[in-house]
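One structure is given here, and the rest of the page talks about it.
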Ligand code: ADP
């Protein structure tokens, strides 16, 4: 079966609608900077919430002792401990355990969920091994909690609502740190939460421990977010006393960004069908949850209106989210002459029988979607760097500055990484881009939370 002549103009139109030439990237970077500024001025002043983390002591490398981290952000729950030995010895030992949250607890009561977390922690803490807590010292915990909370201090935060499939009753409106502390009391565990942080903030802290030049952290996984180190006197909405030299981490919640993004009919339809229409537009354009689905919608259209896969339209291709971002990545790694991997991925996930020509079109569609995503993510990063640079001439662009990256999408999709880096280099120019290091910080968030427990310990 031959591809109808209608497919070629459809591909061209998709490529035009997704195009990210330099002026588009520059506009996104500039608008991101302006939105950052507006969100720092006043709550509700921007699409970006610019949430204060209350982390104003960053890891230095001098941290010493035994600290714990808990990470609750999805269906998996992680506990970790780290023995820190100060500047010379650094990380002496780490140990971690991952447990999946039983389905029934995701819709249980708050007490039941936190009792479960506390008992996993108690069990983990008992298997002491080579880890030492001085007699009489409480175990201190950095708690990475990736649900929307309203924080008012480093060690407290009110849950606004559960997301990601959790419907636990009785937590919303309560301080999640108090919930955990109470559960630990019930279980007789002598530990306390010293720092409550989100995963982006923990990633920044984890990377900063090894490298003082880390200023920004970005997560590109199922969803996306970013945070950076800001001067307190550059945050008008920050009330109260702070040292003139004070700095803090600000969480952008950048998934909500929306200005100047080149969008297609497939993006608009996917958004309209989503559980949060009109929201998280940047996230829907650049993060792992959505790239496969955008491509599926484009391919379905080409199959229906342009006979991309012959006269019949494969039924499975009509199912939302059958094509995952890892599938796009697997197809793009195909180096065989007849694009065997593309063929088998299409057949396995969507029941599609394809010819070499249609496989080539599929690859073009994947590349178009991932190129737009990677380049826009890069423009967002430049927007953050640009904002800091505008306030402090030369401090960012005139010396080495590190952006710490984490998340499965960034880690496992080489084309995405390449497009992101190209976009940053195009925007900054050859001289400045020599100073900007975009670096993968693998699993920095676990140790980062433990480090924040250490820097925010008031027991030392
Ligand atoms: P999460 O963001 O869910 O906490 P990760 O950071 O591990 O967890 O990111 C997982 C996401 O990364 C997946 O939802 C998927 O979109 C993306 N991903 C995973 N593997 C790959 C891959 N091989 N190629 C491209 N994207 C991938």
Being assigned to a loop (DSSP other than H, G, I, E, B) and in contact (Cβ under 8 Å) with a residue 24 or more places away in the chain is the filter; apply it to region 6-39 and report the residue that is farthest from residue 357 (Cα to Cα). 20
Please name all residue pairs, on different chains or six or more residues apart, with Cβ atoms under 7 Å, provided the first residue is in region 401-430 and is under 23 Å from residue 448 (Cβ atoms) and the second residue is assigned to a loop (DSSP other than H, G, I, E, B) and away from the ligand (no atom under 14 Å from the Cβ). 401/213; 401/435; 402/211; 402/213
May I ask you to verify whether residue 374 is within 14 Å of the ligand (Cβ to nearest atom) and either outside the structural domain of residue 259 (by TED's automatic domain parsing) or at pLDDT 95 or above (or both)? yes
From 265, 250, which residue is crowded, with 22+ Cβ neighbours inside 10 Å and in the same structural domain as residue 407 (by TED's automatic domain parsing)? 250
Pairs, first in the same structural domain as residue 329 (by TED's automatic domain parsing) in region 282-304, second away from the ligand (no atom under 15 Å from the Cβ) and not in a helix (DSSP H, G or I), C-beta under 6 Å, six or more apart: 282/257; 285/261; 302/308; 303/309; 303/313; 304/313
Picking from 205, 217, the residue that is within 28 Å of residue 417 (Cα to Cα), touching a helix residue (DSSP H, G or I) at 6+ places or on another chain (Cβ under 9 Å), crowded, with 23+ Cβ neighbours inside 10 Å and outside the structural domain of residue 291 (by TED's automatic domain parsing) would be 205
Among the residues of region 48-61, which ones are within 18 Å of residue 385 (Cα to Cα) and either assigned to a loop (DSSP other than H, G, I, E, B) or touching a helix residue (DSSP H, G or I) at 6+ places or on another chain (Cβ under 7 Å) (or both)? 48, 49, 50
For region 270-278, indicate whether the set of residues that are more than 15 Å from the ligand (Cβ to nearest atom), assigned by TED's automatic domain parsing to the domain that holds residue 225, in contact (Cβ under 8 Å) with a residue 12 or more places away in the chain and out of contact with any strand residue (DSSP E or B) (no Cβ under 6 Å at 6 or more places or on another chain) is non-empty. yes
Can you find, within region 225-258, the residue that is nearest to the ligand (Cβ to nearest atom) among those that are farther than 26 Å from residue 395 by Cβ and in contact (Cβ under 8 Å) with a residue 60 or more places away in the chain? 256
For region 310-326, enumerate the residues that are assigned to a loop (DSSP other than H, G, I, E, B) and without any contact (Cβ under 8 Å) to a residue 60 or more places away in the chain. 312, 313, 314, 319, 320, 321, 322, 323, 324
Where residues in region 327-345 are assigned to a helix (DSSP H, G or I) and away from the ligand (no atom under 16 Å from the Cβ), which of them is farthest from residue 299 (Cα to Cα)? 340
Odd one out for residue 445, checked against (1) under 30 Å from residue 96 (Cα atoms); (2) more than 16 Å from the ligand (Cβ to nearest atom); (3) in contact with a helix residue (DSSP H, G or I) (Cβ under 7 Å, 6 or more places away or on another chain): (2)
Output yes when any residue across region 319-336 is more than 25 Å from residue 289 (Cα to Cα) and in contact with a strand residue (DSSP E or B) (Cβ under 6 Å, 6 or more places away or on another chain), and no when none is. no
Return the total of residues in region 68-119 being under 24 Å from the mean Cα position of the chain (by Cα) and closer than 20 Å to residue 134 by Cα. 7
If we keep just the residues of region 108-161 that are in contact with a helix residue (DSSP H, G or I) (Cβ under 7 Å, 6 or more places away or on another chain) and part of a loop (DSSP other than H, G, I, E, B), which is surrounded by the fewest Cβ atoms within 10 Å (Cβ to Cβ)? 146
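The values are calculated or read from the model by the stated rules, or taken from the named source; none is laboratory data. As the structure is a prediction and not an experimental result, all values here were calculated from the model. Positions of Cβ are backbone-derived with ideal geometry, glycine not excepted, and every protein chain shown enters the neighbour counts.
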